[in-house]
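Structure first, then comments.
The values are calculated or read from the model by the stated rules, or taken from the named source; none is laboratory data. Quantities reported herein were computed from a predicted structural model and do not represent experimental measurements. Reconstructed Cβ throughout: ideal geometry from the backbone, glycine too, with neighbour counts over all protein chains shown. Areas reflect the complete protein model, heavy atoms only, side chains present, ligands, DNA and RNA absent. Shrake-Rupley method; radii C 1.70, N 1.55, O 1.52, S 1.80 Å.
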Amino acid sequence: MYSSNIIYPVALIGTTTQACNLLYPLCEDLKGILYMPEQLSLIDERTCHYKDPLKDHLTDIFPKNRALIFCLSAGAVIRLITPLLRNKAYDPSIIVVDPKGRFVISLCGGHQGRANKLTQLIASYLNAEPVITGVSNTLDLPGIDILGLPFGWRKGPGKWKDISYAIACQKTVQIIQEGGSSFWKKNFLNSDNFNFYSSNTIKAHTSASAASIIISPKKYHLDQKSNISTIQWHPRVLWVGVGCTRGASYKLISDAISKVFNRYNLALESIAGIASVDLKKDEVGIVKYCQLKQLPLFTYPVKTLNKVNVPNPSAIVKQELGTASVAEASAIYSSNYFFDNKTVLLVSKEIIKFNNHAVTIAIAQSDIEYTGRQGKLYLVGIGPGSLEQITPAAKKAITEADAIVGYSLYLELIKTLLHPGQIIEDLPITEEEQRAEKAIKLAQWGLNVVVISSGDCGIYAMGGLVLEKLENTHKKDNIIDIKIFPGITALQAAAARVGTPLMHDFCAISLSDLLTPWNVIKKRLEAAAQGDFVTAIYNPKSKTRIHQIIAAQTIFLKYRNPHTPVALVRCAYRKNETIILTTLDEMLEYYIDMLTTVLIGSDSTFFYKDLIITPRGYHHSKIQK
Ligand code: SAH
């Protein structure tokens, strides 16, 4: 099954102490073994000696690993691996890290071996520059041979190498899609070399294209002599409803399905799953078919199937089972189960008779493919701005994600971590609810989804919204992993730029009254001021919301010295950062907006040169009340 995570097992190879020191920290996350020469001392069970010459050792580990990461000169690596390379479908990914850890080079196995993704991941661990030379990457396109993997598409026949070559030469390529989602499309829209068609019309085939990519549940018989190189991707959009007499063998079921698929020119690779009535849960032929073809079997109670509208109900079946349809009803029901999407009954029921058995087949096509994957939903805080302030765990989650959902400004901040082929959903800041719903839907569908927020994702951010929505969502059972990745929040970032103002008790208050009534905010301002908390004010002032910060100052002035230090930190750790140190009575003379965090000191906070300091303990207080 496709997983966008690291491919295992992974071997790391260092020949010097410096190289091993650089690679060793990667072992844990990559679940890899670090191989080192015998003269170096082992560190723990994740390290292993190799017997010189390295060439012989590589012959042994090359076929056993899915990725080899070298810290060695690229030239030496090329000489070592050349005799071992066989076929890009089987060879492990080869990655080279330069001994100073400045560059991570994806040498071999870019797409299928997914070296490119691993390269980006390692580069983000080491804070190094990823070097990816694959043509599709330089054209900012996902590899055509991995295009459909996240969505569970299966590969059909075709001249795969020729297509990649045509794309690399920037020839005109037509893409014909007759089923499945079109998330992949965004990547190709910026290039003039691609023409899109929604069905495989004659016009499309005779157009001036050098190559053709067909995304369809149909099977096209490719003309091997044609000048147009063609490949086929098969999205899993076909739900096959099956009914049969008790004891029908695997062969009968398989023959019946193949027969109907051939008759309608459909690709078996496009089968999403098999559907039937509960009674058939243990029907040997059906169960074996699903096992051998690695397909899910969904069966439903009679009363569920009875409610489905079908074109060919049968009075006899109704009398026997209590539902007038098994094949048609279960195919239609299945294709609607995961999403309330559009479905067409592509093939009405066909009865295939064998000597003393009969198999009934119906096929429904849904407009959203079955990915066959289970989703992950990660809520990731990206810190205040610069990539240096983002945690390695957050970077890793972003690099590994199939889909990233966030506000466009934040996506811009992390754009160097993104790669072609990832689904980017950049909804405007006002559409936070839609963003949350979208993220949940994509995860339910089976993708690894990252929702990004600036700062910390659980502080005035998307995290809470997503989890709230998730609580009210049905069908969340396909999401197997929900994780929260913390980030440096604005109050920490702002504080770090001006000294140590948060050294003692502090609190955060948002002045945004969009989601919180102003009365509640006022009460909290009053309590914070009275309680002598250092206070970080988030969302202090927008174009239309200008009175709240004035009210906040008035409240603080009631309880606190007018000369209390105040910092106005705007766009901390971003290119346009500005920092103003002022006092409580003068703070409103300066520019404050929605990109500013206001830090108001406590009674003991003081200025030292251009720093704001809150002492560690009360007894050192400079300002006595
Ligand atoms: N989740 C974010 C907060 C979002 S609310 C976090 O944890 O930081 C938005 C408010 O955060 C802004 O109005 C501003 O007050 C503050 N903020 C966010 N990023 C900031 C930055 N880089 N510099 C200063 N303030 C920032």
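Structural remarks
- Under the Debye formula (equal points on every Cα, no solvent term), log10 I(q)/I(0) of region 374-457 at q = 0.15 Å⁻¹: -0.45
- Restriction of the chymotrypsin sites (Phe, Trp or Tyr not before Pro) in region 87-180 to DSSP coil positions whose beta-carbon has at most 13 other beta-carbons within 10 angstrom yields 90.
- Here the Karplus relation 6.51 cos²θ - 1.76 cosθ + 1.60, evaluated at θ = phi - 60°, turns the backbone of region 180-187 into coupling constants of x, 7, 10, 4, 4, 5, 3, 4 Hz, with x for every Gly and Pro.
- Loop trypsin sites (Lys or Arg not before Pro), region 267-366, which have at most 16 other Cβ atoms in a 10 Å radius of their Cβ (DSSP): 281, 307, 342
- Each of 261, 195, 272 was scored by the projection of its Cα onto the charge dipole of the chain, and the greatest displacement toward the positive side belongs to 261; charges sit on the C-beta of Lys, Arg, Asp and Glu.
- Placing unit charges on the Cβ atoms of the charged side chains and taking the dipole of the chain about its Cα centre, the candidate lying farthest along the positive direction among 63, 17, 555 is 63.
- DSSP beta bridge pairing in the chain, given as percent antiparallel to the nearest 5: 40 percent
- Sum of side-chain charges, residue 517 neighbourhood, beta-carbon under 15 Å (Lys, Arg +1; Asp, Glu -1): +2
- Of the cross-linked pairs 259/293; 117/575; 342/441; 441/483, those separated by over 18 Å at the C-alpha level are 117/575.
- Seen from residue 602, the other residues with C-beta closer than 9 Å to its C-beta sum to a net charge of -2, counting Lys and Arg as +1 and Asp and Glu as -1.
- For region 517-610, trypsin sites (Lys or Arg not before Pro) meeting the loop criterion (DSSP other than H, G, I, E, B) and having at most 10 other Cβ atoms within 10 Å: 543, 575, 609.
- Positive-end extreme of charge dipole, region 149-234 - chosen from 228, 183, 157 (charges on Cβ): 157
- Computed across the chain, the Kirkwood hydrodynamic radius from all distinct Cα-Cα pairs reaches 28.4 Å.
- Nonlocal amide H pairs with residue 107, under 5 Å, H built at 1.01 Å: 94, 95, 96
- The H on the amide N of residue 423, modeled in the peptide plane, is under 5 Å from the matching H of 403, 404, each at least 5 residues off or on a different chain.
- The relative contact order of region 495-613, computed from alpha carbon pairs under 8 Å that lie at least 6 residues apart in sequence, is 32 percent.
- In the full protein context, the chain carries 47 Å² of accessible surface per residue, based on a 1.4 Å probe and ignoring ligands, DNA and RNA.
- Proximity of backbone amide H atoms, modeled 1.01 Å from N, is registered between residue 175 and 195, 196, 197, 213 at under 5 Å, excluding neighbours fewer than 5 places apart on the same chain.
- Converting phi to 3J(HN,Hα) with the Karplus coefficients 6.51, -1.76 and 1.60 and the offset θ = phi - 60°, region 349-365 yields 4, 10, 9, 10, 9, 10, 2, 10, 10, 9, 10, 10, 10, 9, 10, 10, 10 Hz in sequence order, with x at every glycine or proline.
- Two-decimal log10 I(q)/I(0) for region 484-537, as the Debye equation yields it once each C-alpha is a single scatterer, q = 0.13, 0.19, 0.26, 0.31 Å⁻¹: -0.39, -0.76, -1.03, -1.14
- A quarter of the convex hull surface defined by the alpha-carbon atoms of region 384-532 gives 10.3 nm² as the mean projection.
- Residue 563 - accessible surface, heavy atoms, 1.4 Å probe, Å² rounded to 10: 120 Å²
- Accessible-area composition of the chain, carbon plus sulfur, in percent [1.4 Å probe]: 54 percent
- Per principal axis, descending, Cα span of region 495-613 in whole Å: 38, 34, 23
- Charge dipole magnitude, Cβ of K and R +1, D and E -1 - the chain, Cα centre, debye nearest 20: 1340 debye
- The helix-based estimate of mean residue ellipticity at 222 nm for the chain, built from -39,500 (n - 2.57) per DSSP H run of four or more residues and divided by its residue count, is -8500 deg cm²/dmol to the nearest 500.
- Each residue of region 527-532 was assigned a 3J(HN,Hα) from its phi angle through the Karplus curve 6.51 cos²θ - 1.76 cosθ + 1.60 (θ = phi - 60°); the sequence is 5, 5, 5, 5, x, 6 Hz, with glycine and proline shown as x.
- Debye-sum result for region 10-133 in log10 I(q)/I(0), which assumes one identical scatterer on each alpha carbon, at q = 0.10, 0.22 Å⁻¹: -0.25, -1.39
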